[in-house]
Amino acid sequence: MSTQLSTQTQSEPATSPLKLCLSFPKQSREVFYGLGSPQVYPASTELFRQSSAAHDAYFIDEGLVKLTYVEEDGQEFIVGLRTSGSILGAASVILNKAYPVSAVLLTRCTILRVPAKTFLGILESDDQFSQHLLREHSREVYDQVEKLVGLGCHSARHRFEQLLWNLSSELQRSNSRMGVRIHLRLPLKQWEVAQLISVTPQHLSKLIRQMQQEGVIRRENGWLIVFALHKRYHTARNRG
């Protein structure tokens, strides 16, 4: 059961340094400094719900968010993941359309909410920010094309290892030994991981057994221990 994000200001202040939208240069980030501080929300909080009116845009200062879509018959699909520095809901706000997916926090997150009217005002008044937002949306389109290419050209094993690397990079960014021996507690169900790499849960189980036999990964007390992925698949996206 997810927690709906309240429209009221949260009492718990952000404790981490402000890193609003990592891909935005300092000049553009400063536009938001006067709008309020990012707030900390617990895992399972729902930022917005599929088909609801787009009243806000969101900036992920820190944390991991999943995007999901639910069919009319109730079947849920995980559409993608968004990490620190990502913008959520901006396209819906700009187009004045409902959110096409739901956004749920997978980890404790620091989020800045910007009301739609305020967000649109910044777009109209700050050309530099508009250019950077256009760059971000262009990068997202480019990434979607790369994902489609990967489905046709890369093996399921490659896609799974790439996903593990990307999640490790986000969840253990402060670990200086990241990529050598990673202790990873996946915030995703196995069927969600399978959907993200476009395989069945049964095939994913087979991949995991194979990688365990090869000594690439090991399960231990609820943790997934990953060894030396950096030697093969460390092409995590450069958002610089």
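The values are calculated or read from the model by the stated rules, or taken from the named source; none is laboratory data. From a predicted model like this one, the values you see are computed outputs, not experimental measurements. Glycine also receives a Cβ, built like all others from the backbone with ideal geometry; neighbour counts cover every protein chain displayed. These area figures cover heavy atoms from the full protein model, side chains too; ligands, DNA and RNA do not enter into them. Shrake-Rupley method; radii C 1.70, N 1.55, O 1.52, S 1.80 Å.
Descriptive notes on the structure:
- Multiplying the residue separation of residue 223 and residue 149 by 0.36 nm and subtracting their alpha-carbon distance yields 23.5 nm.
- The stretch 86-156: proportion of alpha-carbon pairs further apart than 14 angstrom, %: 71
- As a fraction of the 1.4 Å probe accessible area of the stretch 83-161, surface on carbon and sulfur atoms comes out at 58 percent.
- Here the gap between residue 191 and residue 209, fully extended at 0.36 nm per residue and compared with their Cα-Cα distance, gives a gain of 4.9 nm.
- Tail fraction, Cα-Cα pairs, the stretch 97-209, threshold 25 Å, whole percent: 43
- Karplus-derived 3J(HN,Hα) values for the stretch 85-94, using 6.51 cos²θ - 1.76 cosθ + 1.60 with θ = phi - 60°, are x, 7, 10, 10, x, 5, 4, 5, 5, 5 Hz; glycine and proline are entered as x.
- If R0 is taken as 25 Å, the Cβ-Cβ distance between residue 126 and residue 97 corresponds to a FRET efficiency of 0.65.
- Spacing of the two label points (7 Å from each Cα toward its C-beta) at residue 184 and residue 52, in nm: 3.0
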